[in-house]
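Structure first, commentary second.
The values are calculated or read from the model by the stated rules, or taken from the named source; none is laboratory data. The shown structure was predicted, so the numbers you read here are calculated from the model rather than taken from an experiment. Counting neighbours? That spans all protein chains shown, and the Cβs are built from the backbone with ideal geometry, glycine included.
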Ligand SMILES: *Cc1c(COP(=O)(O)O)cnc(C)c1O
């Protein structure tokens, strides 16, 4: 680069700004739709770097796969990790099963389930969409109509649609129906895995996708996918060209199943997810589901006691992320700003809907975090001009959570 006088200029280093001057002195409590707070064991594991190949790493991978089989509830050995966000895992699932000529049914409950359809289109698939009305669960009878008329190869759906806080409560009916019709199912369980039942084998699910930073309470950037024994040969025997190199399951299995090299694995993130999985195994799924249900329902009751309305009807309301209607005349962004700047608690806005969202995944479902988040939320609602009864909400939370103490 030349300056005005024609002299050669080099790019100088910027002024120094240490990270601790960027980060707040006290970390904010993450009570949004992800990432979620990580347990200390996960945080410590995330600081470990070792050789990505060799005996130590392959022992860790072996344990990750074994523990994953429990968490996904599958006996399939085909557990594959991805260096990337939940979306990369979604893309791996789609890219390996969709190519030009393949027909895909995308069950669309909103932002994330729609993304699966977009990915399938980008892979050259022909995609039909069942657009479920916002705030409702997919209706198995509607899905059946599509399956009868469509000759689909793949159906994609989400267990919990984080964006509008809907739970597809009939997931297992839909995935079993898909298997009967000879259609492969891809289920996005990014925000739900280990927070509510998902029995991959029993429910005939072919692919379950999850991210690190939500239900599993690990770090963002390393994700897991489980493939059924039923779907595996479809990918191994594929003849269609595969444009993706990083996401090709046939290459990824060299690392995940054969102790070989694909790309340098995200060692630290795998250590973190190892610990996250181990904490799930120690707690047991049964107890973890119970903790999540009690905690989320208590929060929902408390918010109603405050005088606010929840976005989704109880029958298909997602417990992992709770959507709350912002009262008329109240600015959702204002609530979020006060919560973080005054109370040190972060929750999420939304993608266009008139709601704010509080996460109920992993450590977010602990009494001390709930009390702090609910108080901050109520006081910030007040500051934003809503008429809310904060003491009533706190009392309701206390009463509803009493069950957890026993
Ligand atoms: C967050 C989320 C995703 C996307 O995960 P990223 O890690 O942001 O790519 C996909 N599906 C659901 C249901 C989610 O909640």
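Is it true that some residue in the range 81-96 is in a helix (DSSP H, G or I), within 16 Å of the ligand (Cβ to nearest atom), over 14 Å from residue 275 (Cβ atoms) and over 18 Å from the mean Cα position of the chain (by Cα)? Show your work before the answer.
Start the filter on the range 81-96 by keeping residues that are in a helix (DSSP H, G or I), which leaves 86-96.
Still in the running and within 16 Å of the ligand (Cβ to nearest atom): 86-95.
Then drop every residue that is not over 14 Å from residue 275 (Cβ atoms), which leaves 86-95.
Filter once more, keeping what is over 18 Å from the mean Cα position of the chain (by Cα): 95.
Yes, because at least one residue in the range 81-96 is in a helix (DSSP H, G or I), within 16 Å of the ligand (Cβ to nearest atom), over 14 Å from residue 275 (Cβ atoms) and over 18 Å from the mean Cα position of the chain (by Cα).
For first residues located in the range 161-177 and in contact (Cβ under 8 Å) with a residue 40 or more places away in the chain and within 21 Å of residue 359 (Cα to Cα), partners that are away from the ligand (no atom under 11 Å from the Cβ) and assigned to a helix (DSSP H, G or I) and lie 6+ apart or on another chain with Cβ distances below 6 Å form the pairs 166/316; 167/316; 169/316. Flag not set for residue 199, criterion: within 16 Å of the ligand (Cβ to nearest atom) and either surrounded by fewer than 24 Cβ atoms within 10 Å (Cβ to Cβ) or without any contact (Cβ under 8 Å) to a residue 40 or more places away in the chain (or both).
Regarding the range 104-111, can at least one residue be identified that is more than 16 Å from the ligand (Cβ to nearest atom), surrounded by 18 or more Cβ atoms within 10 Å (Cβ to Cβ) and under 22 Å from residue 130 (Cα atoms)? The answer is yes, given that some residue of the range 104-111 is more than 16 Å from the ligand (Cβ to nearest atom), surrounded by 18 or more Cβ atoms within 10 Å (Cβ to Cβ) and under 22 Å from residue 130 (Cα atoms).
One residue is enough: does the range 205-217 have a residue meeting the conditions part of a helix (DSSP H, G or I) and within 16 Å of the ligand (Cβ to nearest atom)? No, the range 205-217 contains no residue that is part of a helix (DSSP H, G or I) and within 16 Å of the ligand (Cβ to nearest atom).
The residue that is surrounded by the fewest Cβ atoms within 10 Å (Cβ to Cβ), counting only those in the range 218-245 that are within 18 Å of residue 66 (Cα to Cα) and within 16 Å of the ligand (Cβ to nearest atom), is 225. Comparison of 24, 37 shows that the only residue that is surrounded by 10 or more Cβ atoms within 10 Å (Cβ to Cβ), assigned to a loop (DSSP other than H, G, I, E, B) and in contact with a helix residue (DSSP H, G or I) (Cβ under 6 Å, 6 or more places away or on another chain) is 37.
Looking across the range 305-336, the residues that are part of a helix (DSSP H, G or I) and either buried (at least 19 other Cβ atoms within 10 Å of the Cβ) or touching a residue at least 12 places away in the same chain (Cβ under 8 Å) (or both) come down to 305, 306, 315, 316, 332, 333, 334, 335, 336.
Residue by residue, here is whether (1) out of contact with any strand residue (DSSP E or B) (no Cβ under 8 Å at 6 or more places or on another chain); (2) surrounded by 15 or more Cβ atoms within 10 Å (Cβ to Cβ); (3) at pLDDT below 95 holds:
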| position | (1), (2), (3) |
| --- | --- |
| 362 | yes, yes, no |
| 370 | yes, yes, no |
| 374 | yes, yes, no |
| 377 | no, yes, no |
| 382 | yes, yes, no |
| 385 | yes, no, yes |
| 391 | yes, no, no |
| 397 | yes, yes, no |
| 405 | yes, no, yes |
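For residue 115, the conditions (1) more than 16 Å from the ligand (Cβ to nearest atom); (2) assigned to a helix (DSSP H, G or I); (3) under 30 Å from residue 296 (Cα atoms); (4) out of contact with any strand residue (DSSP E or B) (no Cβ under 8 Å at 6 or more places or on another chain) are fulfilled apart from (1). Taken over the range 164-177, the criterion of being closer than 17 Å to residue 209 by Cα and not in a strand (DSSP E or B) is satisfied by 168, 171, 172, 174, 175. Scanning the range 177-194 for residues that are in contact with a helix residue (DSSP H, G or I) (Cβ under 7 Å, 6 or more places away or on another chain) and within 11 Å of the ligand (Cβ to nearest atom) yields 187, 188, 190, 193.
Against the list (1) within 14 Å of residue 193 (Cα to Cα); (2) crowded, with 16+ Cβ neighbours inside 10 Å, the condition residue 286 fails is (2). Restricting attention to the range 113-122, report how many residues are farther than 19 Å from residue 139 by Cβ and surrounded by fewer than 22 Cβ atoms within 10 Å (Cβ to Cβ). Number of matching residues: 4.
Consider residue 136 carefully, then state whether it is away from the ligand (no atom under 14 Å from the Cβ), more than 23 Å from residue 225 (Cβ to Cβ) and modelled with pLDDT of 95 or more. Considered against the rule, which asks whether it is away from the ligand (no atom under 14 Å from the Cβ), more than 23 Å from residue 225 (Cβ to Cβ) and modelled with pLDDT of 95 or more, residue 136 comes out as yes.
Within the range 123-146, the set of residues being under 17 Å from residue 176 (Cβ atoms), over 22 Å from the mean Cα position of the chain (by Cα) and surrounded by 21 or more Cβ atoms within 10 Å (Cβ to Cβ) comprises just one member, 143. Residue pairs whose Cβ atoms lie under 6 Å apart, separated by 6 or more positions or on different chains, with the first residue in the range 23-35 and closer than 21 Å to residue 296 by Cβ and the second in a loop (DSSP other than H, G, I, E, B) and within 13 Å of the ligand (Cβ to nearest atom), are 30/36; 33/162; 34/213; 34/214; 35/213; 35/220.
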